[in-house]
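Remarks on the structure that follows.
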Amino acid sequence: MPFSNNKKHAWLATIFLILFFLLEILVVSGNSLIQTFDTTIQNIFIDTTSTSLTNIFKLFTKLGSPTMNIIYMTIIILLFIKNKFLKEALWTVSLLIGGNLIALVIKYSVRRQRPTDKLLPASGYSFPSGHTFGTALLILTIIILVLPHLKNLILKDLLKVLLIIWLILVALSRIYLRGHFPTDVIGSMLLAGVCWEYAELIYLHIINSKKKR
């Protein structure tokens, strides 16, 4: 596992967690600054609405759906198992299950209603965005656990850029199609960072405990 024992994991986990909870509190309280921010960003997207853009973003939102992200992650897990990377496989399974359970609990505890002018039907609550959260975890998994196995550095860097662009497009699609507020998407990325960093910390703690024994 390409995880190193250093203080950055704890710092990043703490920063992401604090920022996420601050955002969650502002969303739950109906803070006027949050509402103004969401409305401003939404109006920008409304002004750029077109049939071609709508079709493009519909494609990205379908390919970045929670169901598709679970399929992608399952394929990665199976490839890990096939190549005998059992630690990576087990860790990814734990991240997938644990992360989605946490996101689901938060979604039903916040109970934020979705925007009313959706361009694509969407049910359930709005905060955080399941599409963005799942895609963020997927991209982190590929970049940190899969790409290091590639020997071609140019291909590795190219894939990193494409994966980041993929995440951005999925996130933008949720705002453009009015399936989520901009702060839902931001919250999802912060939550993904929280889950990833704490998963690393837990893994490192278990490994260090075994070494001491």
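Quick notes on this structure:
- Index of the failed condition, Leu163 passing every other in (1) in contact with a Phe, Trp or Tyr (Cβ under 9 Å, 6 or more places away or on another chain); (2) of a type outside the set (Gly, Ala, Ser); (3) closer than 20 Å to Leu59 by Cβ; (4) surrounded by 17 or more Cβ atoms within 10 Å (Cβ to Cβ): (1)
- Residue satisfying all of: in region 160-213; outside any helix (DSSP H, G or I) and touching an Asp or Glu at 6+ places or on another chain (Cβ under 9 Å); modelled with the lowest pLDDT among these: Arg178
- Screening the candidates Gly179, Gly187 for the property of being in contact with a Pro (Cβ under 7 Å, 6 or more places away or on another chain), in contact (Cβ under 8 Å) with a residue 60 or more places away in the chain and crowded, with 17+ Cβ neighbours inside 10 Å yields one hit, Gly187.
- In region 50-104, residue farthest from the chain's Cα centre (by Cα) [restricted to those that are outside any helix (DSSP H, G or I) and surrounded by 15 or more Cβ atoms within 10 Å (Cβ to Cβ)]: Phe85
- Asp157 being in a helix (DSSP H, G or I), acidic (Asp, Glu) and either surrounded by 21 or more Cβ atoms within 10 Å (Cβ to Cβ) or touching a Leu at 6+ places or on another chain (Cβ under 6 Å) (or both): no
The values are calculated or read from the model by the stated rules, or taken from the named source; none is laboratory data. Computed from a prediction, not measured in an experiment: that's the story for all the values here. Positions of Cβ are generated from backbone atoms using ideal geometry, with glycine treated the same way; all protein chains shown enter the neighbour counts.
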